[in-house]
Amino acid sequence: IVLVEGVRTPFLLSGTTYADLMPHDLARAALQGLLKRTGIPKDAVDYIIYGTVVQEVKTSNVAREAALGAGFSDKIPAHTVTMACISANQAMTSGVGLIAAGQCDAVVAGGVEFMSDVPIRHSRKMRKTMLSLNKAKTLGQRLSLIGSIRLAHLSPELPAVAEFSTAETMGHSADRLAAAFGVSRVEQDEFAVRSHTLAKKAQDEGLLQDVISFKVPGRDIVSKDNGIRPSSMEQMGKLKPAFVKPHGTVTAANSSFMTDGASAVLVMSEEKALAMGYKPKAYLRDFVYVSQDPKDQLLLGPTYATPKVLERAGLSMSDIDVFEFHEAFAGQIMANLKAMDSDWFAQTYMGRKSKVGTPAMEKFNLWGGSLSLGHPFGATGCRLATTVANRLKKEGGQYGLIAACAAGGQGHAMVIEAYPQ
């Protein structure tokens, strides 16, 4: 099963150029970019799967709306998946499953997230009153219901990046995780500076070839990510803790930012790809999903998933040439690297004899990551996979590994092998 091509819209800070769009607009742009780049006939795809996290109520199956908008045949089924920050990963591997089962030969998978406009609800009491008003038969009933509304009922319910089972925000959890693994503020700031510096270099050198230009209706043409901001350690040091005050170490600058963006990949059976005249980028090899305690191990997905997927693929850390890990927070990345390098953690928590070891930094997230490029929750997985494929080609490596953590204490890892040149 091969990855033929992958594209994404520029990832933009929420509330910037995409602010007046809807999620399906971004997803449609990514799909149209994929159509344009691959030249695949619009009826040659068997299935379309998209990932998203914060759903726009009007387009709950955003995959279908985006596919129709992009001009795909209306005969192609489409569904939407959600698995927090690994939603696009789930979309891709669901496609791999359909192909492996012989159901499909060609699947388009992707993800979209639009944080510029999220659903803000009325309070529960207000919603109850409004639904009752809808059913009220007489004027008296209506007036009585209207009279029951209190000022407190008008306060809205805002969505939060928080864990439902523990009510803890992800940033707070990242701060606790960093503290548990002894990750200092300086280490986190250094990693964030590294991410932004490498992203800027990759952008300037034209390495981010998955980014397509997108003409935003009524606005400009957008052709690059706008969250890449290389900074100095001195500037980073001035920021106050964002979650655990006053002594926390996680700040706005060493965390990923709210991002709007969409991605798409074309996944096919190798036989079908070659029959259609495509030169695939990479093989999608083994993958795993993992789950842990969402309170104390919320963001340790990569630590649990990496050894599992390497075992499945019969590989070791030294066989991997390219690593692309999702950077939710600098503290989360550093904590995972420390956990992966700890025999004690492997034995105590993972039931393993020894540690898996840490990725060599000269192979790790070399074109920036979620901290700098941006992290549209539902779209990042496809960016990781496409980046691995593109880096393997550029760097001449054979094996790449993607890994990501996600809300709910979940995680994903996949081995990707370069297609022979």
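Have a look at 208, 198, 239 and point out the one that is open to solvent by 20 Å² or more (accessible area, probe 1.4 Å), not assigned by the TED database to the domain that holds residue 375 and not in a loop (DSSP other than H, G, I, E, B). Steps first, answer last, please.
Details: 208 fails: not in a loop (DSSP other than H, G, I, E, B); 239 fails: not in a loop (DSSP other than H, G, I, E, B).
Residue meeting the stated conditions: 198.
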**OP:** Hey, can you tell me all the residues within segment 360-375 that are open to solvent by less than 10 Å² (accessible area, probe 1.4 Å) and touching a strand residue (DSSP E or B) at 6+ places or on another chain (Cβ under 9 Å)?
**Re:** 364, 365, 369, 370, 371, 373, 374, 375
Original post:
Any chance segment 261-280 includes a residue that's touching a residue at least 12 places away in the same chain (Cβ under 8 Å), out of contact with any strand residue (DSSP E or B) (no Cβ under 9 Å at 6 or more places or on another chain) and outside any helix (DSSP H, G or I)?
Top reply: no
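For segment 94-112, indicate whether the set of residues that are open to solvent by less than 30 Å² (accessible area, probe 1.4 Å) and among the hydroxyl-bearing types (Ser, Thr, Tyr) is non-empty.
Filtering segment 94-112 down to residues open to solvent by less than 30 Å² (accessible area, probe 1.4 Å) leaves 95-96, 99, 104, 106-112.
Next, only the ones that are among the hydroxyl-bearing types (Ser, Thr, Tyr) stay: none.
Scanning segment 94-112, I find no residue that is open to solvent by less than 30 Å² (accessible area, probe 1.4 Å) and among the hydroxyl-bearing types (Ser, Thr, Tyr), so the answer is no.
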Original post:
Can you find a residue in segment 403-411 that is under 24 Å from residue 10 (Cβ atoms), in contact (Cβ under 8 Å) with a residue 40 or more places away in the chain and in contact with a Lys or Arg (Cβ under 7 Å, 6 or more places away or on another chain)?
Top reply: no
Subject >> All positions within segment 402-421 that are modelled with pLDDT of 95 or more and open to solvent by 10 Å² or more (accessible area, probe 1.4 Å) >> reply: 407, 408, 410, 417, 418, 419, 420
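Condition first: among the β-branched types (Val, Ile, Thr) and open to solvent by less than 40 Å² (accessible area, probe 1.4 Å). Now tell me which residues in segment 55-84 satisfy that. It would help to see each step written out before you state the result.
First, the residues of segment 55-84 that are among the β-branched types (Val, Ile, Thr): 57, 59, 62, 76, 80-82.
59, 62, 76, 80, 81, listed by residue number.
The values are calculated or read from the model by the stated rules, or taken from the named source; none is laboratory data. Predicted, not measured: the structure shown is a model, and the values here were computed from it. Neighbour counts are summed over all protein chains in view; Cβ atoms, including those assigned to glycine, are modelled from backbone coordinates with ideal geometry. The area values use the complete protein model at the heavy-atom level, side chains included, leaving out ligands, DNA and RNA. Shrake-Rupley method; radii C 1.70, N 1.55, O 1.52, S 1.80 Å.
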